[in-house]
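Asker: Starting off with a structure, shown below.
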Amino acid sequence: MNNKDLVVLAAGGTGGHLFPAQALAEELRRRGYRVELVTDSRAQKYTGSFPADRVHVIASATPRGGSLAGKIKAGLILARGTLQARGLLKQLKPAIVVGFGGYPTVPPLMAATLQKIPTVLHEQNAVLGAANRALARRVTAIATGFGRLGGSDAALRAKARDVGNPVRPAVLAAAATAYPALEQGGLNVLITGGSQGARVFADIMPEALRLMPEALRANMHIVQQARPEDVARVRAAYAASHTDAVVESFFTDLPARMAAAHLVVARAGASTVAELAVIGRPAILVPFPHALDQDQAANAAELEKSGAVKVIRQSDFTAPWVAQALEQALDNPLALAQRAQAAKAQGRVDAAARLAELVLSVAQKHKLES
C-alpha cells in the first residue's frame, strides 16, 4: 500500500469525539485502508485500543471562556499545533483528513486545508460546535450526525450530508440484545452522566430512590456511573435506603449495561443519543445546561420527537420528580417497551459505512481532479 490508502483521523478532548472516530477507523480498516490518529494529550487515556497504525499527539487548547490572556495563550498553542500538524501531514501525505470536532481537530484540519489535502468534518451534534464552525467553510465536505444542522447557513448545508453518528462495534453487538423482559415489578435502570455533569445524578438519584415506597424500591435495580469522588457517597446513600445498586466511576462494558436496562437516565451527548437509538432503549435525558452551543438540548429534541425519550431541564430534575417518573415506569411496563421500539426505529446502524463512503468518495474525487 502507499499513502493514497492512508486516512488521517483528527479527534480528541473526550470520548464523545473519539468513539465515532473509532467506529470509522474500524470500517476503513475493514475495507483495507490504513488509519492514523491525530489527537491531544487529554485523549491519550482513550486511545489504548484505538484501531490506528500510529497515534500522534499535537498541541491543542480551548480559547473559550476565561481571561483575555488565557484566550491569547490558547490561540498561540493552537497556532503551534497547526505548525506541528503541517509538518506531520507533509511527512504522511494522506489521501484525506477527517475531523470529529472539538478544538484538538482545529490544528490538523487547518493544516490540511492549507496544504490542499481534502477534508471531511463530522459534526456529531444537531448544532455546529464552535470549533467546527471555525472550520466548516474551509473543509471539502461536512458529515452530520442528525438530520438537521443548527448554526449553519445555505452554503454550509449545501456541502453537508446526513450520515448519522457512527457507533462502536460494542454498541452494534449490544443492539442484537432484545429489550429485556419486564419481570413482575422489576426495573433495571442505568444512570450515566458522561464527561459533563455526572454530579447532578449523584445528588438526585439516590434521594429519589429513598423517596419511593419501600415495596417499589425493593424491585429497583440500579447501575450508576459516578465521578470517582462521588462513588463512595453514592454507594452509601443507596445502601442506607436498602436499594440494590452497582456504582462505579467507569464501566468498560457500558453498551452491554445499556442493553440490559429497561430505562436509561443520562445526559444527551451525541454518542449517548446515538447509542440509545441503535440499541433501542427508552430514556430520561437531562441536557447539560451550561453548554454555550446548547448542543445537548438540540440532540435530545431530535430523539424526543419519536416519543422514545422524556427530556427534562436540569432545574426541573428533582428527587420528587424522578421518584414519580420511576413509579410511573413500574406501573406501565408496556409503555416502556413501546418507547424502546420507538428508539430502535431511529437507530442508524450503518452510519460508519455511510461516513466511510463519503470520506472515500471525497478522496477519490480529489485524486481524479489533481
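The values are calculated or read from the model by the stated rules, or taken from the named source; none is laboratory data. Source: prediction; values computed, not measured. As a convention, Cβ positions derive from the backbone with ideal geometry for all residues, glycine included, and neighbour counts pool all protein chains shown.
Asker: Can you tell me which residue is modelled with the lowest pLDDT among those in region 45-72 that are among the hydrophobic types (A, V, I, L, M, F, W, C) and in a loop (DSSP other than H, G, I, E, B)? Write out each step before concluding.
Answerer: Pass one, region 45-72, residues among the hydrophobic types (A, V, I, L, M, F, W, C): 50, 52, 55, 57-59, 61, 68-69, 72.
Now drop any that are not in a loop (DSSP other than H, G, I, E, B), which leaves 50, 52, 58-59, 61.
Values: 50: 87, 52: 92, 58: 91, 59: 85, 61: 81.
Across region 45-72, the extreme among qualifying residues is 61.
Asker: Check every one of the helices (runs of 4 or more DSSP H) wholly within region 184-261 and list those with 3 or more residues that are over 30 Å from residue 173 (Cβ atoms) and either at pLDDT below 95 or over 20 Å from the mean Cα position of the chain (by Cα) (or both). Outline the logic, then answer.
Answerer: Working: elements: 199-211, 214-217, 231-240, 254-260.
Here the list reads 199-211, 214-217, 231-240.
Asker: May I pose another question? For residue 17, are the conditions met, namely being at pLDDT below 85 and in the same structural domain as residue 363 (by TED's automatic domain parsing)?
Answerer: Details: at pLDDT below 85: yes; in the same structural domain as residue 363 (by TED's automatic domain parsing): yes.
Criteria met by residue 17.
Asker: Do you know which residues across region 240-267 are more than 21 Å from residue 324 (Cα to Cα) and of a type in the set (Gly, Ala, Ser)? Explain how you work it out, then say what you get.
Answerer: Residues of region 240-267 that are more than 21 Å from residue 324 (Cα to Cα), as a first pass: 246-260.
Hits for region 240-267 are 249, 256, 259, 260.
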